[in-house]
Amino acid sequence: MKSDIVYVEIKTGTNHNGKAWIGKCFFSKSGQTIYFNGKVLQKGQGISSNYFDVENGNGYWISGVKKNGEDRHKFGSGLIEIDEIIIEDYLKIIGETELQKNKFKIVNLNNVPAKEKATEILNEKYDSEFDISIRFKKKPSDLTENELENLIKYYNEIDLHEMYKKNRKLYIEQLKDLETEKEKRNKEKNYA
């Protein structure tokens, strides 16, 4: 299984100061799924994320580490948790001899790919419980009635005041698209 040292930052519910890690990830054969620190992350398109957690739908930004050591967004803040076992390799990548203590917290991450967990989660039926990851996978017109209702409910429960204006605008646009699809379906039912 291919592995690499990556920068991972949670994006759901945060601005640019979410929890972040540098550690080893493992890729599925297709490269669409990444196993990192006990999580199963799939490629998707979020507002500021490029992967999502298949278990809870949280968005993550994942990228290779930068050679200049500036992995956090220029407006971001907070310590980056770095896995103890990759520090030597990371220092070689950035051309340094030691970590900046004000930037990193040394931790031990789970370096065992969660393949069984992935299989279990991905084999569950969507209808058994609302799967928030559908917001990255499907267009409003492709959603079932139940998925559409649950996704509208999800967006209505988000506290938009905690987000930057750009993110807030995108969430509002997505909610409008879902509500437009619901109205369209209701009109079609009334005409039938």
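The values are calculated or read from the model by the stated rules, or taken from the named source; none is laboratory data. If you're wondering where the values come from, they're calculated on a predicted model, not measured in any experiment. Every residue, glycine as well, gets a Cβ built from its backbone with ideal geometry; the counts of neighbours run over all protein chains shown. Just the protein is used for accessible areas: all its heavy atoms, side chains included, with ligands, DNA and RNA removed. Shrake-Rupley method; radii C 1.70, N 1.55, O 1.52, S 1.80 Å.
Of all residues in segment 37-89, exactly one satisfies the criterion of being in contact (Cβ under 8 Å) with a residue 40 or more places away in the chain, crowded, with 16+ Cβ neighbours inside 10 Å, of a type in the set (Ser, Thr, Tyr) and within 19 Å of Asn110 (Cα to Cα), namely Tyr60. Cβ-Cβ contacts under 8 Å between residues 6 or more apart (or on different chains), taken from a first residue in segment 90-107 that is open to solvent by 60 Å² or more (accessible area, probe 1.4 Å) to a second residue that is small (Gly, Ala, Ser), are listed as Glu96/Gly69; Gln100/Gly69. The combined condition, being in contact with a Phe, Trp or Tyr (Cβ under 8 Å, 6 or more places away or on another chain) and either modelled with pLDDT of 95 or more or closer than 13 Å to Asn37 by Cα (or both), is fulfilled by Glu81. Remark: pairs (first residue in segment 13-24, more than 14 Å from Ser48 (Cα to Cα) and open to solvent by 30 Å² or more (accessible area, probe 1.4 Å); second residue at pLDDT below 95 and part of a strand (DSSP E or B); Cβ separation under 6 Å; 6+ apart in sequence or on different chains) = Lys19/Ile10; Lys24/Ser3.
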